[in-house]
Amino acid sequence: MAACCDADTDPIAFRVPASHRDTLPDRPRETEPVATLCPRCLTLEWPTPGDADDEPDFSRISDAFPTGEAAIPFALALGLCSSLAANREAIATLLEDVERAGTDPLLAMDRLLDDPGVEPAIDLARRRHQVEQLLY
């Protein structure tokens with residue numbers, strides 16, 4: 001897997017579960033689409049189908065990153081925040097899944113913002129505020 005062009009670090013590759021495929025606007029609908037998330041800049045990409053970790057290690061991003069069932073919908077929602085207007089419904093649905101899995105998505109974003117090892121390619125602080133308005 002190629003390194004992220006923005007952060008020169010290996011991205012985290014993961015399979016998008018069937019439960020989230022219909023949520024994603026204009027995204028691949030393969031049997032098992034693979035997404036990658038850069039652990040430094042949080043850029044989400046859709047490479048051609050390929051290898052993905054069965055249990056992706058999102059702790060490579062930060063100890064603040066959600067684990068368990070909340071990890072993948074949170075990763076997808078973060079990646080879609082690059083275009084909040086176009087992805088509003090998908091982001092809301094994914095973050096509701098994060099909450100149902102027992103994680104506060106806004107608190108997780110706050111903790112990522114406080115992590116010096118994370119340098120989001122987007123203005124995550126502004127997006128966090130917009131997401132809060134979207135959810136509540």
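Any read-out appearing in this document is the output of simple, stated calculations on the displayed coordinates, not a laboratory observation. From a predicted model like this one, the values you see are computed outputs, not experimental measurements. A quick note on method: Cβ atoms are made from the backbone with ideal geometry, for glycine too, and the neighbour counts reach across all protein chains shown.
So here's what we get for this one:
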| quantity | calculated |
| --- | --- |
| Segment 12-135 - percent relative contact order, Cα under 8 Å, separation 6 or more | 26 |
| Label-point separation in nm, Asp10 to Asp57, each point 7 Å along Cα→Cβ | 0.8 |
| Phi to ³J(HN,Hα) by Karplus 6.51 cos²θ - 1.76 cosθ + 1.60 over segment 39-46, Hz, x for Gly, Pro | x, 9, 9, 6, 7, 9, 10, 10 |
| Gaussian network model of the chain, Cα within-10 Å springs - most flexible of Pro116, Pro33, Pro66 | Pro116 |
| Calculated [θ] (222 nm, deg cm²/dmol) that DSSP helices of n ≥ 4 give over the chain, each run adding -39,500 (n - 2.57) | -11500 deg cm²/dmol |
| Hull volume in cubic angstrom per residue (convex hull over the Cα atoms of the chain) | 98 |
| In Hz, Karplus ³J(HN,Hα) per residue of segment 81-92 (6.51, -1.76, 1.60; θ = phi - 60°; x = Gly, Pro) | 5, 5, 9, 4, 5, 6, 10, 3, 5, 5, 4, 4 |
| Two-site label geometry, Arg21 and Glu132: point separation in nm, points 7 Å out along Cα→Cβ | 3.6 |
| ³J(HN,Hα), Karplus 6.51/-1.76/1.60, whole Hz, each residue of segment 106-121, x for Gly, Pro | 5, 5, 4, 5, 4, 5, 5, 4, 7, 7, x, x, 9, 10, x, 6 |
